[in-house]
Amino acid sequence: MQNRYKVTAAIYKGLMDHIDYRLWSDYLYKVHMVHKGKNMSALEIACGQGDMAEFLSKKFSVYFASDLSKEMLLSAKVPHNAFVCDMRNLPVRFIPNLILMTFDSINYLLSYRDLKACFDEIRSLMDYNTNFIFDISLEKNSLKFWRVLNRKGDFNGYFFQQHSRYDARKHLHFNRFDIQSDELGSIREEHIQRIYSVDEMKSALRVSGLEIVGLYDGFSLKPLKSDSFRAQFIIKVNNAKN
Ligand SMILES: C[S@@+](CC[C@H](N)C(=O)[O-])C[C@H]1O[C@@H](n2cnc3c(N)ncnc32)[C@H](O)[C@@H]1O
């Protein structure tokens, strides 16, 4: 478990340097507030290196972040309250006002069964004051951008090569990373993400007792379109009195 995403942790900042997390966190906070969110407590799942936590944690009285990868958490630029855990098995006892998962993290769950396990776990941490906010990458995104993700470069003393491909029959997106550095030698790591349809998500959410109260075209408050690249979900427990 400790070595999960070790390669990515080493080069993540280099891979993500085009992402404006300040702007993105402002958007997510706005979405939370539009849906009558409260700002006492937040739990971020699959937070990676805590780039979102760096900004969002300032807006909540209590902010906890978690990820499957210890390396990702330890390489955070700004330290935050963080713990290692799998999104299907959350060792949490409080009921947060916001449960957040960003940047296709849920796409790392490769089966409907895993998806349901994750949603059941999250549902057990929610009450009518909780917004669960997450995004998914849609098939159009994989079809359009897989070529761009075949890249190589240097970051922080690491030479990396990324090989990306999308298997449209299996709905799986593969990203293989090879890096070389004095510190780590040569390492290969493969990330596999399942590209779910919006209907598959809707069905898994419904079965877990979760209700979609907002479904937006990624990074906006506009309704999701049939040709969207990313979907932003805002979820409450069923029968929540808003
Ligand atoms: C694409 S990164 C996104 C990181 C962060 N949310 C961001 O926006 O920068 C996906 C993250 O999901 C984490 N992850 C993958 N599978 C996971 C699981 N089963 N449970 C918890 N985290 C997981 C990875 O370690 C990685 O940090």
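FYI, it's all coordinate maths here, none of it is from the lab. Predicted, not measured: the structure shown is a model, and the values here were computed from it. Please note: Cβ atoms are built from the backbone with ideal geometry, for glycine as well, and neighbour counts cover all protein chains shown.
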Chymotrypsin sites (Phe, Trp or Tyr not before Pro) within the stretch 104-203, DSSP loop, no more than 14 other Cβ atoms inside 10 Å: Tyr128
Label point distance in nm, Asn39-Phe159, each placed 7 Å from Cα along Cα→Cβ: 4.7
Neighbour-limited loop hits for GluC sites (Glu not before Pro), the stretch 100-197 (at most 14 other Cβ within 10 Å; DSSP other than H, G, I, E, B): Glu183
Straight-distance crosslink candidates among aspartates and glutamates, where the alpha carbon sits under 19 Å from Lys140 and sequence neighbours closer than 8 are dropped: Asp104, Asp167, Asp199, Glu200, Asp217, Asp227
Ordering of 18-30, 218-230 by packing [mean C-beta count within 10 Å, highest first]: 18-30, 218-230
Size-normalised alpha-carbon gyration radius of the chain, reference 2.2 N^0.38 Å: 0.99
All-pairs alpha carbon distance profile, the stretch 141-193, 5 Å steps from 0, percent: 5, 20, 26, 20, 13, 9, 5, 1
Using θ = phi - 60° and Karplus 6.51 cos²θ - 1.76 cosθ + 1.60, couplings along the stretch 106-113 (whole Hz; Gly, Pro as x): 5, 5, 6, 7, 9, 9, 4, 4
5 Å-binned pair-distance histogram of the stretch 26-103 (Cα, whole percent): 3, 17, 29, 26, 17, 7, 1
